[in-house]
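Colleague: The structure's right below; bear with me while I get my questions together.
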Amino acid sequence: MKGVYYKIGEFARLTGYSTSTLRDYERKGILLPHHKSPYGYRYYSHEQYEQLTKGILLKPITEKNKDSG
């Protein structure tokens, strides 16, 4: 694996999302960790950081909520 990876706590601080929100996104299939260690640590990529901070990942969710509301 090449690139920059962040543990969930680091990723939460960088993005402004709480670790519980990131875990919730994982449960819902919105944002899965890039990979998990054998010990269960979640790692997120720098690309995921860029997508999340630019709203790319959440755009379909907000559009879905607009349609249902």
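The values are calculated or read from the model by the stated rules, or taken from the named source; none is laboratory data. Fair warning: this is a prediction, and the values are worked out from it, not measured in the lab. Quick reminder, even Gly has a Cβ in these numbers, built from the backbone with ideal geometry, and neighbours come from all protein chains shown. For the accessible areas, the whole protein counts, side chains as well, though only heavy atoms, and no ligand, DNA or RNA atoms are used. Shrake-Rupley method; radii C 1.70, N 1.55, O 1.52, S 1.80 Å.
Colleague: What's the number of the only condition in (1) open to solvent by less than 50 Å² (accessible area, probe 1.4 Å); (2) modelled with pLDDT under 90; (3) assigned to a helix (DSSP H, G or I) that L22 fails to meet?
Modeller: (2)
Colleague: I need the full set of residues from segment 32-69 which are under 25 Å from G3 (Cα atoms), at pLDDT below 90 and in a loop (DSSP other than H, G, I, E, B), in order please.
Modeller: The answer is K54, G55, I56, L57, L58.
Colleague: Do we find that R13 is among the basic types (K, R), in a helix (DSSP H, G or I), at pLDDT 90 or above and open to solvent by 100 Å² or more (accessible area, probe 1.4 Å) in this structure?
Modeller: Working: among the basic types (K, R): yes; in a helix (DSSP H, G or I): yes; at pLDDT 90 or above: yes; open to solvent by 100 Å² or more (accessible area, probe 1.4 Å): yes.
Spelling it out, R13 is indeed among the basic types (K, R), in a helix (DSSP H, G or I), at pLDDT 90 or above and open to solvent by 100 Å² or more (accessible area, probe 1.4 Å).
Colleague: Still on this model: Going by the conditions given, is Y6 of a type in the set (F, W, Y), modelled with pLDDT of 90 or more, surrounded by fewer than 14 Cβ atoms within 10 Å (Cβ to Cβ) and outside any helix (DSSP H, G or I)?
Modeller: When the stated conditions are applied, Y6 does not pass them.
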